[in-house]
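Take a look at the structure set out below.
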Amino acid sequence: MEQLLQRIQELKQEISGFEATDAAAAENFRIKYLGTKGVVKAMMGEMKNVPAEQRKEFGLVLNDFKQFAEARYESFAQRNGTQKAASAGIDLSLPGDAIPVGSRHPLSLVRNQVVSIFKRLGFAVAEGPEIEDDWHNFGAMNLPEDHPARDMQDTFYINQNPSWLLRTHTSSVQARVMEKQKPPIRVICPGRVYRNETVSARAHCFFHQVEGLYVDENVSFADLKQTLYFFVQEMFGKEVKVRFRPSYFPFTEPSAEMDISCLICGGDGCTVCKHTGWVEILGSGMVHPKVLDNFGIDSNKYTGFAFGMGVERITQLKYQVNDLRLYSQNDIRFLKQFTGAV
Ligand code: DAH
């Protein structure tokens, strides 16, 4: 054992002194020390000559020796690689090419934020198709046959089959959820919607909404207000003022629209708030009993509230975007401004 330890010590010195200035010399080193018939292997073969009680200690020394030889070989390989690069005219000390990092689209940022706020309140995400039928988009939502929203002027119908259309609102997802799920229901439905509008700074033929639906026993208008107050505070901060205005939607009764104080002018009056100091951000109300009945949900036992908000509008207020067309033009100068935003 003593002799073996002595021998390993000598071999280590020999390895330290070994220089490999090119790939061939490094390969010679590998064969001599690390190859299958190499020195390291041979030393391992000595294990059987070591008395049993000293084998553990010798094993540790051997391992260390092996790693020592391997590290030396690595250092040759690295140095030779660098030299090779240098002789080929490559400067390895130059900084690498930066890979430009993209960013989320502002509408995605805002949608994700809206969804995460409602998730904290226990809402689950639900989705539905963008190509819908008349029933889910209109009929089930209590929009009568002669309702102007069904008009060809507002709705894109599918040529091949006019009973299909591009959904005009995410309220259609309410219908999709209620036909599958029974109360308690608490869902948030983000998605794209389409309307036959002339594209301008203030209107677009497609945009995005987030729909909310909550159906259970004893759900009240107070729950609706409190939920939406919470949302506004989380989204825009505690200083923002909120007001409800009575309104009309076929699928809710009573119905209300919610305004927040204008974030662009701080309530002093500007073109975004049309000099009123208030901006509408969503429609809402208590789910109409007829809508519940359409899905076999007992409207004597259950009540619910619903709301639908425009993602573009909220993004406009949050990031001061003054032209709806910017969202879909893919202008890098616009999109770049959201790098780093989460
Ligand atoms: N669907 C309405 C729209 O597109 C928004 C809306 C209003 C949704 C009231 C609702 C609601 O769920 O209760 O303008």
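Numbers below:
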| quantity | calculated |
| --- | --- |
| Extended-chain gain in nm, criterion 0.36 nm per residue less alpha-carbon gap, GLN9 and SER116 | 32.2 nm |
| Per-residue [θ]222 nm for the chain (sum of -39500 (n - 2.57) over DSSP H runs n ≥ 4, rounded to 500) | -11500 deg cm²/dmol |
| Positive-end residue of TYR214, VAL187, ILE332, charge dipole of the range 106-338 with Cβ unit charges | ILE332 |
| GNM result for the chain, Cα springs below 10 Å: residue of SER247, SER108, SER75 fluctuating most strongly | SER75 |
| Coil-residue chymotrypsin sites (Phe, Trp or Tyr not before Pro) of the range 185-290, DSSP, other Cβ within 10 Å capped at 13 | none |
| Where labels lie 7 Å past Cα in the beta-carbon direction, separation of ARG202 and SER16 in nm | 8.4 |
| Share of alpha-carbon pairs per 10 Å distance bin for the range 191-268, given as whole % | 13, 35, 40, 12, 0 |
| Distance in nm between pseudo-label sites at GLU130 and GLN83 (7 Å out along the Cβ direction from Cα) | 6.0 |
| Kirkwood Rh in Å, taken over the chain so that all alpha-carbon pairs contribute | 26.0 |
| Lysine pair count for the range 2-87 [Cα-Cα under 26 Å; pairs on different chains or 8 or more apart] | 19 |
| Whole-Å distance, taken between Cα centres, linking the range 264-342 and the range 91-150 | 12 |
| Over the range 32-71 - Rg/Rh using Cα atoms and the Kirkwood inverse-distance radius | 0.99 |
| Span-like helix ranges in the chain, DSSP H, alpha carbon extent 18 angstrom or more, Kyte mean at least -1.0 | 2-17, 55-87, 106-120, 221-236 |
| Given charges at beta-carbon only (K, R positive; D, E negative), |dipole| of the range 106-338 in Debye | 820 |
| Calculated FRET value between MET47 and ILE99, using beta carbons and R₀ = 51 Å, to 0.05 | 0.55 |
| Free-standing Cys, the chain [no other Cys Cβ under 4.7 Å] | CYS189, CYS205 |
| Greater than 23 Å apart at Cα, pairs in LYS119/LYS238; LYS119/LYS290; LYS238/LYS318; LYS119/LYS182; LYS274/LYS336; LYS180/LYS225 | LYS119/LYS290; LYS274/LYS336; LYS180/LYS225 |
| Estimated dipole of the range 10-115 in Debye, rounded to 20 [Cβ of Lys and Arg +1, of Asp and Glu -1, Cα centre] | 440 |
| The chain: most fluctuating residue of ILE332, ILE117, ILE260 per GNM, C-alpha cutoff 10 Å | ILE332 |
| Share of alpha-carbon pairs per 10 Å distance bin for the range 29-132, given as whole % | 11, 19, 14, 11, 11, 17, 15, 3, 0 |
| Neighbour-count order for TYR319, TYR302, fewest beta carbons within 10 angstrom listed first | TYR319, TYR302 |
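The numbers here are math on the coordinates, done by the rules we state, and not lab data. Just so it is clear, the model here is predicted, and its values are computed rather than measured. When we count neighbours, we look across all protein chains shown, and the Cβ atoms used for this are built from the backbone with ideal geometry, even at glycine.
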